[in-house]
Amino acid sequence: MEQRQKIVQTRESILQSAFDTAQIGIWHLDTESNEVTVNDTWAQIIGHSSDELITLTFQQWFKLCHPEDQRLMADSLYAATQAGKKHFTFRMRLKHKDGSWVWTQVNGGVSEADSLGYTKALSGTLTDVSELYQSKKDLHYRYEIEQLVSGISSDFVGIQIHETDKVVNQALKKVGQFLNIDRCYVFQFQKHNSIMFNTHEWCGSGIQSEMEHLQDLPTSLFAWWMKRLNKLQHIYIKQVKDMPRDAIAEKEILLQQKITSLLVVPIHFQKNLMGFIGFDSVHKEKEWPEADIHLIKTVAHTIANAFNAKIHQEVLVKAKEKAEESDQIKSAFLATINHELRTPLHHILGFSELLRMNKIPPQEVGAFADKIYKSGKNLLLIIEDILNLALADESYVQVRKEKIGGNDIFMQHKTLLDEMLRSSDKAKTIKLVYKPSPTFSNAQFLVDTSKINQIIVNLLKNAIKFTKSGTIEYQAELTNNTLSFRIKDTGIGIAQHQQQLIFDFFRQADDSSTRAYNGIGVGLAISKRITKILGGDLTVQSIQNEGSTFVLSIPVEIVLHAEKAVNSTQNIIR
């Protein structure tokens with residue numbers, strides 16, 4: 001008997017040792033006293049020692065269980081006490097000492113019963129399955145986010161160009177809601193990446209929009225930011241307050257918007273940076289795993305493709321519109337040229353026929369001959385304009401510079417303008433004013449005189465053509481190696497929306513075939529092209545029904561500077 005007792009004691013000692021040192025959590029519940037005994041491993045799973053839980057009761061264990069799992073725990077333990085249900089397995093969350101929740105798996109069953117079969121004790125194991133649960137959770141999350149990105153990519157397939165902005169905004173909303181982001185946005189660059197605009201934005205509940213404040217921003221203000229984006233690198237800032245000194249400008253703006261964390265991913269097509277997509281966290285810090293950043297780059301790539309397609313489509317639409325407009329312009333040009341050529345030809349042929357048939361009184365022969373001469377001269381001018389269209393191809397134009405004095409150029413221009421006005425029948429209604437500056441008149445420089453004269457002649461012809469009465473003013477100046485001519489008239493002027501069109505070939509302010517002014521509409525276009533060849537600029541300022549001012553600016557090489565003059569201007573009025 002004594003020997004048997006020793007064996008039992010030895011076994012109990014072994015079991016107690018195993019209970020204390022086991023690498024799995026072990027628990028024992030006495031249903032009569034409601035006391036729960038646990039080993040060190042069980043206690044360590046939730047951040048305690050076994051000594052801290054030496055007085056653990058079932059009620060305390062139940063309170064450690066997550067509220068959502070308490071019903072499962074109670075039902076599982078109760079079921080084990082019923083006949084035919086001796087074992088159980090379930091998973092529940094227990095509260096860790098640090099306040100977090102630990103996923104555990106509980107296995108157990110009835111370990112002791114009385115003679116009537118009523119449960120006296122339950123025993124079992126407790127296993128930490130947090131890593132397994134987290135792995136499954138991560139796998140499910142990875143599947144969902146990949147489905148999200150795949151769905152966003154599908155949304156962009158086959159969309160119409162006008163739908164691009166709408167689909168981009170939808171993509172921002174989907175990403176923002178799935179990742180619990182406070183604000184998602186897109187910035188696009190313009191003007192060779194010197195300016196950026198906030199073009200798209202989605203904000204979570206309670207988050208204020210910043211879009212209207214983030215327009216027309218110089219990218220030079222964000223040197224630290226742009227340095228990384230230009231290398232097509234993403235920017236992840238876990239804590240804005242910890243940004244480096246180099247990012248002081250960016251840090252100040254982000255703090256003003258109360259941003260805690262953010263991720264910025266470049267939007268680029270091939271290696272062409274187009275903008276960036278950003279994600280702001282305002283309420284709390286957000287960590288961005290590399291896998292998530294990689295998927296966000298896929299979204300950015302999808303948006304880049306959409307933007308690139310939109311740009312190309314807009315270019316094609318503009319090209320189509322330009323081609324259609326070109327066809328219309330050419331049709332108008334052909335109608336105009338038909339009218340402009342036929343009119344003087346009819347005069348020449350008609351009056352010549354009358355002279356040939358001797359049907360004109362001798363005293364009127366001179367008048368008819370004069371009409372034939374003027375019609376022939378008009379026809380010659382039209383033919384010259386048509387031939388000058390060759391200047392549309394810059395490759396055939398050569399610049400031939402010569403040394404000439406400013407006063408010599410002025411006298412050439414004055415002679416041309418005086419002659420043109422006399423030939424126009426407007427000499428009595430238009431007053432000519434000449435204002436060459438002394439610095440211009442007394443200097444010598446290297447220029448292509450013939451090309452400058454060609455431009456000036458076109459400007460003077462237009463000034464006379466479109467001025468019924470009033471003043472035409474000629475100014476010439478030399479400032480900082482730039483030669484400037486200003487032709488100002490008090491004519492009909494040009495409407496604001498027409499002021500750029502007049503420099504296109506075959507265009508006038510009035511393109512209709514019944515317009516009041518002759519000409520085929522190439523003079524200003526040729527002048528603009530020649531000016532470009534000379535490295536200069538030709539501009540216009542005009543008010544309809546008040547007049548126009550054309551300014552020709554040409555860079556020159558000064559050979560001899562003008563002597564200091566007493567008077568600032570030399571005015572000549574004809």
Which residues, taken from the stretch 185-235, are assigned to a loop (DSSP other than H, G, I, E, B), among the hydroxyl-bearing types (Ser, Thr, Tyr) and either at pLDDT 95 or above or in contact with a helix residue (DSSP H, G or I) (Cβ under 9 Å, 6 or more places away or on another chain) (or both)? SER194
Go through (1) assigned by TED's automatic domain parsing to the domain that holds HIS200; (2) not in a helix (DSSP H, G or I) one by one and return the number of the condition GLU144 breaks. (2)
Only one of (1) touching a residue at least 60 places away in the same chain (Cβ under 8 Å); (2) in contact with a Phe, Trp or Tyr (Cβ under 9 Å, 6 or more places away or on another chain) fails for GLU144. Which number is that? (1)
Residues within the stretch 397-438 that are in contact with a Phe, Trp or Tyr (Cβ under 9 Å, 6 or more places away or on another chain), surrounded by fewer than 16 Cβ atoms within 10 Å (Cβ to Cβ) and under 17 Å from ILE487 (Cβ atoms), tallied: 1
Test each condition in (1) in a helix (DSSP H, G or I); (2) surrounded by 12 or more Cβ atoms within 10 Å (Cβ to Cβ) for LEU139 and report the one that comes out false. (2)
Can you go through LEU116, LEU132, LEU94 and tell me which one is modelled with pLDDT under 90, within 23 Å of HIS48 (Cβ to Cβ) and hydrophobic (A, V, I, L, M, F, W, C)? LEU132
Could you list, in sequence order, the residues of the stretch 174-184 that are surrounded by fewer than 16 Cβ atoms within 10 Å (Cβ to Cβ) and either modelled with pLDDT of 90 or more or in a helix (DSSP H, G or I) (or both)? GLN177, PHE178
Assuming VAL149 fulfils every condition listed in (1) outside any strand (DSSP E or B); (2) in the same structural domain as PHE58 (by TED's automatic domain parsing); (3) surrounded by 15 or more Cβ atoms within 10 Å (Cβ to Cβ) apart from one, which condition is it? (2)
Filter result (within 23 Å of ILE404 (Cβ to Cβ) and buried (at least 20 other Cβ atoms within 10 Å of the Cβ)) within the stretch 449-466: LYS451, ILE452, ILE455, ILE456, ASN458, LEU459, LEU460
All conditions in (1) in contact (Cβ under 8 Å) with a residue 12 or more places away in the chain; (2) farther than 30 Å from GLU32 by Cα are true of THR127 except (2)
Within the stretch 530-542, the count of residues that are under 16 Å from ILE502 (Cα atoms), in contact with a helix residue (DSSP H, G or I) (Cβ under 9 Å, 6 or more places away or on another chain) and among the β-branched types (Val, Ile, Thr) comes to 3
Tabulated pairs, the stretch 66-82, first closer than 16 Å to THR104 by Cβ, second part of a helix (DSSP H, G or I), C-beta under 7 angstrom, 6+ apart or interchain: GLN70/PHE62; MET73/PHE62
Of all residues in the stretch 63-105 being touching a Leu at 6+ places or on another chain (Cβ under 6 Å) and among the β-branched types (Val, Ile, Thr), which is surrounded by the most Cβ atoms within 10 Å (Cβ to Cβ)? THR104
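The values are calculated or read from the model by the stated rules, or taken from the named source; none is laboratory data. Computed from a predicted structure; not experimentally measured. A quick note on method: Cβ atoms are made from the backbone with ideal geometry, for glycine too, and the neighbour counts reach across all protein chains shown.
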